[in-house]
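Asker: Dropping a structure here in structure tokens format, bear with me for questions.
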Amino acid sequence: MAPHPYGDPGNRNPPEHTGPAIGAPAASARVAMSVAQLAMLTVVVVASLRSLPAMALYGLGAVTLFIVPAILFLIPTALVAAELATGWKGGIFTWVREAFGARAGFVAIWLQWIQNVVWYPTQIAFIAASLSFVIGDQGLAQNGVYTAVVILVLYWGSTLITLAGGNLFAKVGSWSGIFGTLLPAALLIVLGAIWLGTGERSETPLEASAVIPPWTGIASIVLIVSNVLAYAGMEVNAVHANDLKNPGRGFPRSIVMATVLILAVFILPTLAIAVAVPKDKLGLTTGINLAFQEFFEHWGVGWGTPVISLLIALGAFASVVTWIAGPSRGLLAAARTGLLPPVLQRRNKAGVQVGILAVQGVIVTLLALLFVLLPNGNTAFIALVDMAAALYLIMYMMMFAAAIRLRKTQPKVVRTYRTPAMAFVAGLGFVACAVAFVLAFVRPSGFTGLSEGAYPLVVLAVVVVLGAPPLLFYALRRPQWDRRSPEEQATAETVLVNPPQEPPVSGSGRSATPSPGSTPAAPDPGAPAA
């Protein structure tokens, strides 16, 4: 791997910097992430068990509801992210900046970051519900104060893990993912097979015709397209692609491995839940735990419910740790180019973005209060998820558009992996996201918190309020906000994973002219880098 930009351990410049620099390996110049470890982190980010009970309501129809969005979104996202990550370092900020300029890149990474800030309380609320089964008091899942306390304790605990720096977050994420996501998913598959194999009655029709979910007009379209975001996150860990020994070969391999595991984790356990659990027992935050409870109590091993619930909570906790480490690190890369005030650029001695994480923590703390103020925890849960959805879809549209543009404007940049039929693949993903964005303004069936007329207005307000700050920061930016060292500024535009080898010329160690496809040394921050 390339040497650490700030020098070897024990000989840093500046001396107080002990962690990674922007674009440097996440652990150190000597420690690399494995392909399997990165794949597992991606599975943890994407494949949440939280959504399975809701999809189990559709029985075999859930297969279609997972496969169609996978074709329209998951596969295009995986293929496009693989090419972009093996061509340019830095994740979504760099990709969009190279295609459309610094302002667009800043908006993209901001949207990725802020939608996750909104998502953290919802995921930890799911953990709180699982822990209520461990404690033995399932009624706690509907207690707003309990949920808020768990959100605060676990969120700030995750933040402390991230602040430790190094590859601690990777170890926590990968091992917790194995025991908290893959193991419960595999167990559900086994239990479902035993259920059917022993002649127990299926709670859902198993005829081949049931694979097609019932058509209910616009609600059916909303259901299928909204499930696009069940696969959100495939691009997040691309920011860690350069932590692999060989990003060009390793990252595409990790994407393939993760995609297969994600589909398996979503589809097969969902069917296992559908055959054993009555539909009226499936809830938003407690459904997965109730499914295991149904299996275990049926066979007289009720003690297994708190054990598996603890593992599920552990897996969900792993996803929180992984998400905290990804988008906030990408936002720091943008911030240090002068796009955010110096106070938000602060890093600790491990090189971790303490300024951004502090602001993030304040927002999560305020959002946690929703579970105290709103008597119905499920209402708060749905509202928070819907707030985040539209923002993330905008970012994905920017990513797909950037991939198409970079193929045209920087065709000679070496991508170790090249997406076949890029215009079609990225175009398919873009259209899927555009349709999902429009449908995000349609009130979901069963949602009673707002009227049909008020719901789209609230979504629009959320998009504007949470999406406008990067444009404001960009307009107000000052030269003194750029706090990079001369060494950082000198290598700021070295964003290519495979930089061209410039032939030496007489009297100089390097060519005087840039190679085709290389990024200019000092582009106009408001214009496309190409």
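Asker: Per residue, how much accessible area does the stretch 290-339 have with a 1.4 Å probe, in Å²? Spell out each step's value before the answer.
Answerer: On the way: 1330 Å² over 50 residues.
Spelled out: the 1.4 Å probe surface of the stretch 290-339, per residue, equals 27 Å².
Asker: If you average over every viewing direction, what projected area does the convex hull of the Cα atoms of the stretch 48-146 give, in nm²?
Answerer: 9.2
The values are calculated or read from the model by the stated rules, or taken from the named source; none is laboratory data. These numbers were taken from a predicted model, which means no experiment stands behind them. Keep in mind that these areas ignore ligands, DNA and RNA; they rest on the heavy atoms of the full protein, side chains included. Shrake-Rupley method; radii C 1.70, N 1.55, O 1.52, S 1.80 Å.
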